[in-house]
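The values are calculated or read from the model by the stated rules, or taken from the named source; none is laboratory data. Values in this document were obtained by computation on a predicted structure and should not be read as measured data. Every residue, glycine as well, gets a Cβ built from its backbone with ideal geometry; the counts of neighbours run over all protein chains shown.
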Amino acid sequence: MPMPISYQALIEADIDALQAVGEAWLQVSKDLEEHLATLDDYRTGDLKADNWDGDSAEAGRTRIKEFAADLDERAAQARRVAAAVEDACSGFRTSQNGMTMLAGMIDKEQASLSADGTVVPNTAKGTAAVDYASGMQSQVNAHLEDATAADEALKAAVALYAETLSTAEEAVLDQLAAEEVGALQDLIDDGASPEEVNEWWNSLSGEEQIAMLENHPELLGGLDGVPTDTRDYANRELLEAELDRFSPTLDADIVALQAEIDQFNDGAKFLNSSYDAMTDELERLEAERDRRDGLNSLQDAIREQAATGQDFYLLGYDSAGDGKAIVSVGNPDTADNTAVYVPGTGADLSGASGGLLDRAETMALDAGDIPGSGETAVVMWLGYDAPDNPALDSPRMSYAEDASAPLSSFMSGLESTNADPDGTNTTVVGHSYGTTVIGQSASEHGLATDNIVAVASPGMVVENASELGIDPDNFYATVAPGDMINPVAETGALGPDPTDGGVNFDIGAGTFVDWHGFGGNTFTSDNMEGNAKEIHSNYWDEGNPARENLALIFTGNGDQAS
Amino acid sequence: MSSGFNLDPDEVDKVATNIFALSEDLYGSMKKVVDSADGLSGAVDTAAFIGVSEVIEAVSKWNDELVPKHRFEIEEFAGYLVVAVRDTVELDGYVSSAFDAYAAEFPRTEGVPAPELPARDPADAVPSAHGPDIAV
């Protein structure tokens, strides 16, 4: 057990010197990010296949990608070390200042503060002075304990992030985690709310938090109420570990098995009992390969910084089925504005690392263009199994019903981990079936958000914006002329058209109904001269006014959206 | 095996030079951490502040082990480009003898040392499209 920091050591510590080291670590992180972006530019530019061809060239490009990935991991580590140092500096300064104030407050008639931090009573003043000194000593000790806790947290964080963890230190963290994991498991089993999870997390010492992160990333990665940077670290670790578990010979195994299968002629296929087993095995291996490739794409997509200069945060992922992923452009815990984008039909893991994430990045870029808006984090929330087929799946409510509780929990989690929840402008924006999910979740469980936006909605389950649990003035909807969703929304199958664009058809009654209005606001989007299907997806295209309108809403300027 | 540059050799050289420069930048930014950490022992009682002591240990590990490893990889690749563009024939992977032959041509800034690392596993050499490299 380390000794607590002494009074003298705390008072004399030059925290500015430590701060300077933290800033240098942060600069290393930024330099590394810049370098790996440059390397990637070479790989896809001067050294691309058009300019450098052949097997060795391919191997060379692969190698650039590999060491760029290593640099990226190193950059993240340096950034985390810098953050740990900054946290520690803040803790040390609080303790130092508290101690200085305390020293000034001591009533010299009653007691004096010695150089070693002992509060010595003036015995001439009797027991009152002894009691007074004892009280003051408790306060001195409290400041020293706080400083010691900050120091222990710094040690654990640096050891983990900078890879200096010794076996003995690891054993200490293992022990701490073993003592805490039961409490966390109980919370999870009891269905604790994100607020309760956050309360538990904040009750841990910094060292205990690091211990849990090192030992149980699988419990923390997807847990609402755990801070964003912690979830990101946990999920990246889990993703890396999952990728490592794929067989290194997977591609070769598929090729070899395919070659064996190709040997069978049509007659032999029916006569040979192993043929079916082999094709089944091939199917399994190919599914495995697709899963691996999807995860690789996700890892690649969040490797560097976003075009906004913000970092990506992986708040959750699941490779089962179509796959799920929650990725944020920027840190929603510290951003001035947060938008959570819920995609619709067809969304899957490959989209989460491709077009869907591009949209989130685009929205963050657009928000950054609004003067004086501060930082906007945009989360791509694919925390649900989206419908695959617009004709067969999208009319069904089951997807939205299954997504309802997770989305609500996620939003509550963001609220609980936000450094300034009252000062952050939060928006949930859905596209297509994503708006149905939002409507279901908002009306069933409630969404911790200031604004709700529906882009090209087929219906949001509720009949009026007032049922979404927010001020209807903070509800916004848009649909472009000619969007294929218009006739779908008109059916009212998933609820009335939130853009209130016309008369709705009530399927239950089998009649058109005279609609009284959904409420809220509408804003303009353009069809960009696409066909009905293209229009449904081009809201994020360059030049579409929907983009600026979204940016205005995200940044608290919704009254200017038009 | 076929391979070749469709780029002007001077362009390839420029890329290689820039990649070497990345390695030197890495050295430079790590050196700033080292320099700032140098004063830490006198500024904070590191016997009392075990976290600060860990920071110093981390700086040392990164400066002595981790960053040189990355620099080595980066420079090895840049060196490979220099070698490959001078040899008109395809190199079957990275050949250390050729690398050494052109080492004098690698751009280096005075005062920035080359990363020194112990000999490593030949299997890790670059780039090797078809199994182990010829020589390391």
For this session: For residue A:400, work out the one condition from (1) buried (at least 24 other Cβ atoms within 10 Å of the Cβ); (2) within 18 Å of the chain's Cα centre (by Cα) it doesn't fulfil.
Result: (2)
Exercise. Which residues, taken from region A:173-188, are touching a residue at least 24 places away in the same chain (Cβ under 8 Å) and either in contact with a strand residue (DSSP E or B) (Cβ under 9 Å, 6 or more places away or on another chain) or surrounded by 15 or more Cβ atoms within 10 Å (Cβ to Cβ) (or both)?
Worked result: A:173, A:176, A:177, A:180, A:181, A:184
Exercise. Do you know which residues across region A:148-172 are part of a loop (DSSP other than H, G, I, E, B) and either more than 9 Å from chain B (Cβ to nearest Cβ) or surrounded by fewer than 21 Cβ atoms within 10 Å (Cβ to Cβ) (or both)?
Worked result: A:163, A:164, A:165, A:166
Problem set entry | Filtered residues of region B:54-69 (kept if modelled with pLDDT of 95 or more and within 8 Å of another protein chain (Cβ to nearest Cβ)) | B:54, B:55, B:57, B:58, B:59, B:61, B:62
Exercise. If you go through region B:44-60, how many residues are outside any helix (DSSP H, G or I) and either among the hydrophobic types (A, V, I, L, M, F, W, C) or more than 12 Å from residue A:13 (Cβ to Cβ) (or both)?
Worked result: 4
For this session: For region A:405-455, enumerate the residues that are β-branched (Val, Ile, Thr), under 20 Å from residue A:385 (Cβ atoms) and part of a helix (DSSP H, G or I).
Result: A:435, A:436, A:437, A:438
For this session: Working only within region B:5-32, note down all residues that are outside any helix (DSSP H, G or I), out of contact with any strand residue (DSSP E or B) (no Cβ under 6 Å at 6 or more places or on another chain) and at the interface with chain A (Cβ under 7 Å from one of its Cβ atoms).
Result: B:6, B:7
Exercise. Of everything in region A:40-61 that's part of a helix (DSSP H, G or I) and more than 7 Å from chain B (Cβ to nearest Cβ), which residue is nearest to residue A:299 (Cα to Cα)?
Worked result: A:40
For this session: State yes or no: is residue B:114 out of contact with any strand residue (DSSP E or B) (no Cβ under 9 Å at 6 or more places or on another chain), more than 7 Å from every other protein chain (Cβ to nearest Cβ) and at pLDDT below 55?
Result: no
Exercise. Among the residues of region A:109-132, is any within 14 Å of chain B (Cβ to nearest Cβ), among the aromatic types (Phe, Trp, Tyr) and in a helix (DSSP H, G or I)?
Worked result: no
Exercise. Does residue A:106 fit the bill of being away from every other protein chain (no Cβ under 12 Å) and touching a helix residue (DSSP H, G or I) at 6+ places or on another chain (Cβ under 8 Å)?
Worked result: yes
Exercise. Does region A:471-482 contain at least one residue that is farther than 22 Å from residue A:546 by Cα and touching a strand residue (DSSP E or B) at 6+ places or on another chain (Cβ under 8 Å)?
Worked result: no
Seminar exercise, completed: Selection from region B:33-49 of residues within 7 Å of chain A (Cβ to nearest Cβ) and surrounded by fewer than 17 Cβ atoms within 10 Å (Cβ to Cβ) yields B:39
